[in-house]
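> The structure is given below, and queries will be raised subsequently.
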Amino acid sequence: MGTTRETIGIIGAGQLARMLIEAATPLDLDIRLLAASPDDGAARIWPRTSIGSPDDPAAVTAFAADCDVITFDHELVPESVLIALEASGKRIAPSTNTLRVAQNKQRQRELFAQHRLPQPRHRIVRTVHGAEQAAEAIEYPVIVKAAYGGYDGRGVWRCTDEATLVEVVSGLAERSIPIVVEAEVRIERELAVMVARDHVGRTTVLPTVETVQIDGICRQITYRADCHVPEAVRIAEIVANVVDLTGVMAVELFESDGQLLINEIATRPHNSGHYSIEALASSQFEHHLRSVLGIAPGSIEPRAPFAVSVNVLGPDDGSDPRDRIGLLASGDVHIHMYGKGARSGRKLGHVTVLGDDLDLCIERAWAATELLTNEPRPEGM
Ligand code: ADP
């Protein structure tokens, strides 16, 4: 077992690093941060920050030398950095092998197939011709995904016919990026489950939540304390084991015809787990830190029957929601702004509302978001 006095180095200084530091503070954990710029969200709140590119092997290994264990703000760590970290012999959580799976949708699909885990019908191809054949076999419409390099729906395309497919996959094939061609799932609900696991395999599954996305971007997360989805728990535990997870991981799931299918995983704290900051005794960030250190696991004791989180996206008019925080009586709305500059559509923060009436939580969370963004609640939400 590790100790709380070990130094954790976080590579990358976005909102996840910032919320990790917020969770580490009451435990007085020893955190160091590697930030590309002093203006990064986490660097703005943390004095023990080194400035250097998280994508530069030399900067990362120099930073890691002063740390006992290394973890990450995101999983898109370049291969050269993974190799350098492996060579340094440092403890890395999650491991470089875990990250190699997490950052590649082809490897995820292959691993899940190997372990007979439920997922959409798919084929992996590398050429335009291969994609055409795959789409015909699967039947249009198909969902095409770049194996790596995308996020928030960028790198995912719905193709209804061959012409669109050819247009989408040509660019990927030219750049030698493997292509995942998937059957379009009739999604009844999108669910997500966070799981924490330490290096000796002690595993804690957090509650299953429902997520709603618009144009591939997560907008709303709903937590119900009485929501028990045994199949989601079973899948989360198996995936945590097969990727040999250390830390927390999100498993994103589609519910379709009463069945759960794995969409993808992210081996880090995740947007769908932000509700846990207020709604559970230990947040996903605390679970991550505890798993990374290998100290006693966190608790999933609920703090309320319901919680709703809504993401605050940068308004189209370019205005900054932080300028409107003063308009919002704090009351029961928990505001989390990430310290990022406002840009249209960018995830700048989120709000969470707890309560014992789900509809009321949804109303309040959206009312707060409308006020902060000065934009109406999107249609269909
Ligand atoms: P990203 O990695 O950019 O978050 P995802 O793989 O999660 O992208 O896909 C983004 C969204 O596209 C999903 O949340 C879902 O709404 C939709 N989607 C992805 N795969 C499928 C599929 N096979 N069938 C139907 N919809 C899908």
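> Suppose each label sits 7 Å from its Cα in the direction of the beta carbon; what would the residue 62-residue 3 distance come out to in nanometres?
Inter-label distance under the simple model: 3.0 nm.
> Which of 366, 34, 333 sits farthest toward the positive end of the charge dipole of the chain, with +1 on the Cβ of Lys and Arg and -1 on the Cβ of Asp and Glu?
34
> While we're looking at this one, here's another question. Which of the aspartates and glutamates could a cross-linker span from residue 145 if the Cα-Cα distance has to be under 12 Å and same-chain partners fewer than 8 positions apart are dropped?
Qualifying aspartates and glutamates at Cα under 12 Å: 182, 184, 264.
> How do 54-67, 302-315 rank on mean C-beta neighbours within 10 Å, highest first?
302-315, 54-67
> For region 112-154, which GluC sites (Glu not before Pro) are in a loop by DSSP, counting at most 12 other Cβ atoms within 10 Å?
Here the GluC sites (Glu not before Pro) that fit, given the DSSP loop and packing criteria, are 139.
> Okay, next question. Between residue 323 and residue 379, what's the calculated FRET efficiency when r is the beta-carbon distance and R0 is 25 Å? Round to 0.05.
The computed FRET efficiency comes out at 0.45.
> In addition: Among 147, 102, 113, which one shows the biggest mean-square fluctuation in a GNM of the chain, springs joining Cα atoms closer than 10 Å?
Sorting by GNM fluctuation, first place goes to 113.
> Could you calculate the contour length gain from residue 161 to residue 231, that is, 0.36 nm times the residue separation minus the distance between their Cα atoms, to one decimal place in nm?
Extra length from residue 161 to residue 231 when fully extended: 21.8 nm.
> May I ask you to evaluate 6.51 cos²θ - 1.76 cosθ + 1.60, the Karplus curve with θ = phi - 60°, for each residue of region 44-54 and list the ³J(HN,Hα) values in order in whole Hz, giving x for glycine and proline?
Rounded to whole hertz, the list is 5, 10, 10, x, 8, 10, 9, 9, x, 6, x.
> Quick one: Karplus J couplings for region 226-240, per residue in order, coefficients 6.51, -1.76, 1.60, θ = phi - 60°, nearest Hz, x for Gly and Pro?
Once rounded to whole Hz, the list reads 9, 8, 10, 10, x, 5, 5, 5, 4, 4, 4, 5, 5, 4, 4.
> Still on this structure: Name the long-range amide H neighbours of residue 70: under 5 Å, sequence gap of 5 or more, or other chain; modelled H, no Pro or chain starts.
Here the answer is 9, 91, 92, 93, since their amide H atoms fall under 5 Å of that of residue 70.
> Let me see the pair-distance distribution of region 37-164: every alpha carbon pair, 5 Å bin width, integer percents in order.
2, 9, 15, 17, 15, 12, 10, 9, 7, 4, 1, 0
> Starting from the amide H of residue 280, placed 1.01 Å from N in the peptide plane, find each other amide H under 5 Å away whose residue is 5 or more places distant or on another chain.
Excluding prolines and chain starts, which carry no amide H, the hits are 303.
> If packing is taken as the average number of other Cβ atoms within 10 Å across a peptide's residues, how do 316-325, 27-36 rank, most packed first?
So the peptides 316-325, 27-36, ranked by packing, come out 27-36, 316-325.
> Using modelled backbone amide H atoms (1.01 Å from N, in-plane), which distant-in-sequence or interchain residues come within less than 5 Å of residue 229's amide H?
Those qualifying (amide H under 5 Å, at least 5 residues apart or on another chain) are 208.
> Treat each spin label as a single point 7 Å out from the Cα along the C-beta direction, and report the residue 215 to residue 129 distance in nm.
That separation, rounded to one decimal, is 3.7 nm.
> When the distances between all Cα atoms of region 135-178 are binned every 10 Å from zero, what whole-number percent does each bin get?
28, 57, 14
> Something else: Which whole-Hz ³J(HN,Hα) couplings does region 162-167 yield from phi under the Karplus relation 6.51 cos²θ - 1.76 cosθ + 1.60, θ = phi - 60°, glycine and proline marked x?
In residue order, the calculated couplings are 5, 4, 5, 4, 4, 4 Hz.
> For a quick protection proxy, order the peptides 345-351, 170-176 by their average other-Cβ count within 10 Å, most packed first.
Packing proxy ranking, top to bottom: 345-351, 170-176.
> If r is the Cβ-Cβ distance from residue 189 to residue 50 and R0 is 56 Å, what FRET efficiency results, to the nearest 0.05?
0.85
> Then there's this: What share of all Cα pairs of region 202-360, in percent, falls into each consecutive 5 Å distance bin?
That works out to 2, 8, 16, 20, 20, 16, 10, 6, 2, 0, in percent per bin.
Read-outs throughout are calculated quantities, based only on the coordinates presented, and are distinct from any laboratory measurement. Worth saying up front: this structure is predicted, and the values here are computed from it rather than measured. So basically every Cβ, Gly included, is an ideal-geometry build from the backbone, and we count neighbours across all protein chains shown.
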